[in-house]
1. Relative contact order for the chain: what percent, with Cα pairs under 8 Å and sequence separation of 6 or more?
2. Quick one: in the chain, what % of C-alpha pairs are over 36 Å apart?
3. Could you sort R402, R48 by their accessible area in this structure, using a 1.4 Å probe and putting the largest first?
4. Taking R0 as 60 Å, what's the FRET efficiency between K43 and K69 from their Cβ-Cβ distance, rounded to 0.05?
5. Rg and Dmax in Å for the stretch 25-117, alpha carbons only: what are they?
6. Give the shape of the stretch 314-418 as rounded, prolate or oblate, defined through the alpha-carbon gyration tensor: a ≥ b ≥ c are the square roots of its eigenvalues, a/c under 1.5 means rounded, and otherwise the shape is prolate if a/b is larger than b/c and oblate if not.
7. Exactly which GluC sites (Glu not before Pro) in the stretch 37-69 are in a DSSP loop and have at most 12 other Cβ atoms within 10 Å?
8. Once every DSSP H run of n ≥ 4 in the chain is given -39500 (n - 2.57) and the sum is divided by its residues, what mean residue ellipticity at 222 nm do you get, rounded to the nearest 500 deg cm²/dmol?
Amino acid sequence: MGSYLKSTYEYTKLRKKFGRQPLFQNVPAHIIDSINPDYELQKQYTLRNPVHQQVQATLPQAEHESNTKQIVKHEQGINHTEGGWPRDVHLYNEEHILRHRRRVQHDENYVHSVLNLKPSIEHLIDQNNAIDMYQSYFTSMQPQAPVEKYNVQIANVFRDPYHRPISSIAWTTEKNSKLITSYCDKTYSIESDKNLQNVCYIWDINRQTSPIYQFVPETSCWQVIGSPIRPDIVTAGLKNGIINIFDIRLGSKPVSSSSIYNSHFGPITALLYTHTRTNTEFFTGSLDGQCLWWDERNISQPVDKLPMSVRFSAKEKPNLSNSEGVSSLQFDKGLPTKFLCGTESGLVINANRMGRSHSEILNSYWEAHTGPVRAVYRSPCTLRMFITCGDWSVKVWSEEIRTAPIIFTKPYRYQITDVAWAPLRYSCYMVVSAGGVFYYWDLLRKYKQPVANLNVSNHGLTKVIPHLEGESIAVGDNNGSLFLLHLSENMVLSGPNDKQLMHQIYDRETRREHILDARIKELRLKTRIEPTIAAAHNITDIENLDDLEKETEDYFKIVREEISLMDGIFTTSQLQSLSVS
């Protein structure tokens, strides 16, 4: 079949003939123009018979192919032995089914059974016809917001073959984040050295069978963290106080190590990177009572030192003998010169490195807990607030109030081992305890109890670290198991007014603590002044009594003198009664 040719017709009209006013009148037909035929052309006209012409009478079609998924359908039936087909009737055999139906229909009870079912069936049919199945009920009621369901699930578990307690967890900063985990028994560190298993792992969160990398520190590793700009660099703080830096591309051995003479004298309990131009500086805290600043490009000696001494006499100077052992550190990029330090004695020290003297650097502290402060974090909502955990409680503090926390929980049944703010939901924080339970708190929804909890492990939990996106939570226990928890959407994303409402809560609680603090000072001042006033009143009363007796004696003395001058007008008995009165 040839190609389809579409016929066209061209109509030409001069431009000057456009725009004339039409005349709508009923006029008889008249000849406008008459064109006579050309006889020369008429002579050339001939008839062709037959005429072979191709005509396309249907729409054009094109053939094409597309790959689609093949849908396989199959039918499956269930043979009910009770209330259905008998066992001797095969479902797919039509003869068996027809024979069974004829047998039932010829039964005498069949007709009576049908007649007995007729009234109930007619009632159901009438009821079905009377009800509008498409009718919308309760349209006048106001729609209610859906109830939020808090859900915490265990997505994956990564197990240590040596069953060592997890001492530290860190997320890498790359796009597909991984988990860096160190293992160490901090309670019985002497016995753990006999095992000689100091290996640490880097886990892929989608692969639980075996770690993708492993590195071996010189001794037991207490703290571990990844570089913020190079995911292949891992920094570890060890039990003997030294620093190891690993490059996982070059193997499991450290590429550089600090000298034991220029490092800490005790185990490193905290390790954080600071915000600098090169992102290579970090600082450490230890039980020896000092903080050291390092540069990962050269860790032969620390860049700076600071003894954490806040309670010493005027005759002493700040040194390691009167310093507080560091148990936790906190640093936020929003305050590049400040950091918080939790100590083994339960203090939280506010430090400012821009101070000139030691008292200006460590300008304030809070008595937070009985025992070591296991974790301290600033709130992502406002940097004026921070949260701490220790002993059996969790407390939220304000930098403006130093006497008491603005928010605190009831004592837990087991000791609290770690706490962390939710990175994206400003009103939430998460807690792990030595009883193996994970708690999730939301201060805007429930103020006195957690909104969700999950019994993660039969062993005590040691660490909780949320991912920066907030959906995944890493939790470690005392048996070497690393749990990856997933939170529901309403536990990850913050509401439109959550930040504003949390600011209102912080301001309200801070104002309340200011009022209580002022009232307590007033009562103390009153109790200190009242004994002085009472003593002054007693002295005044005694002095007044002495003056009254003296004035009485003077009065009677004058009376006696006057009576003696009156030459015995009064009798002796009257004088005696007057003197007695």
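The values are calculated or read from the model by the stated rules, or taken from the named source; none is laboratory data. Fair warning: this is a prediction, and the values are worked out from it, not measured in the lab. Ideal geometry is used to build each Cβ from the backbone, glycine not excepted, and the neighbour counts take in all protein chains shown. Just the protein is used for accessible areas: all its heavy atoms, side chains included, with ligands, DNA and RNA removed. Shrake-Rupley method; radii C 1.70, N 1.55, O 1.52, S 1.80 Å.
1. 8 percent
2. 62 percent
3. Correct descending sequence by accessible area is R48, R402.
4. 0.25
5. 40.5, 103
6. Here the stretch 314-418 falls in the oblate category.
7. E63, E65
8. Counting only the DSSP helices, I get -7500 deg cm²/dmol.
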